[in-house]
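Asker: Structure in structure tokens, see below.
The values are calculated or read from the model by the stated rules, or taken from the named source; none is laboratory data. Values in this document were obtained by computation on a predicted structure and should not be read as measured data. Don't worry about glycine lacking a Cβ; one is built from the backbone with ideal geometry, like all the others, and counts go over all protein chains shown.
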Amino acid sequence: MSTTVPMRKYAFRLIIFSIIIEIPALLMQLIFPEYASAALPYIILFFFFITLFTLFIVLRDEQQRDGKKFISGYLLSRVSKFMSCLLFLLLYMIFNPADRWNFAIAFLIIYFLFAGFEIFALKKESSDANKKNSK
């Protein structure tokens, strides 16, 4: 399996997942605008790109998907994602204090949804690599 196949596959799945998350977010903004952050679509867009980047770090090399290199790549992706998220969250909360709590709550919910997606994607890729190596 070449590096482009898993990236294309997971990029497509990430697009579908992001659209699925976007639908309730837009409904929330229409039905309960006082509880929904105006930045909700941008939060989802931010997580789309940061998750795509972290998946690229982990899946960029076929030999890296196994053993210590996989763990190193995964930890690098988690640290970079965490630092990017923290910076994004803090900057928004500093420059938009009126929307601080709605944004923070939406950000955390979406963070955990995308983290779950990333875990399932990497677990699936890891189990596929293990099956390929055992053959």
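Asker: What number of residues within the stretch 3-23 are at pLDDT below 85 and either among the aliphatic types (A, V, I, L, M) or touching a helix residue (DSSP H, G or I) at 6+ places or on another chain (Cβ under 7 Å) (or both)?
Answerer: Adding up the residues that qualify gives 4.
Asker: Give Phe49, Phe70 a once-over and let me know the one that is under 20 Å from Tyr10 (Cα atoms), assigned to a helix (DSSP H, G or I), of a type outside the set (Gly, Ala, Ser) and within 11 Å of the chain's Cα centre (by Cα).
Answerer: Phe49
Asker: May I pose another question? Just checking, how many residues over the stretch 5-46 are in contact (Cβ under 8 Å) with a residue 60 or more places away in the chain, in a helix (DSSP H, G or I) and loosely packed, with under 15 Cβ neighbours inside 10 Å?
Answerer: Residues meeting the conditions: 0.
Asker: Report, ordered by the first and then the second residue, all pairs with beta carbons closer than 8 Å, sequence separation of six or more or different chains, a first member in the stretch 95-110 that is under 19 Å from Ile23 (Cβ atoms), and a second member that is surrounded by 14 or more Cβ atoms within 10 Å (Cβ to Cβ) and among the β-branched types (Val, Ile, Thr).
Answerer: If the second residue must be surrounded by 14 or more Cβ atoms within 10 Å (Cβ to Cβ) and among the β-branched types (Val, Ile, Thr), the pairs left are Ala106/Ile43; Phe107/Ile43; Ile110/Ile21; Ile110/Ile43; Ile110/Ile44.
Asker: Among (1) under 18 Å from the mean Cα position of the chain (by Cα); (2) among the polar types (S, T, N, Q); (3) at pLDDT below 90; (4) surrounded by 15 or more Cβ atoms within 10 Å (Cβ to Cβ), which single condition is Ser80 missing?
Answerer: Failed condition: (4).
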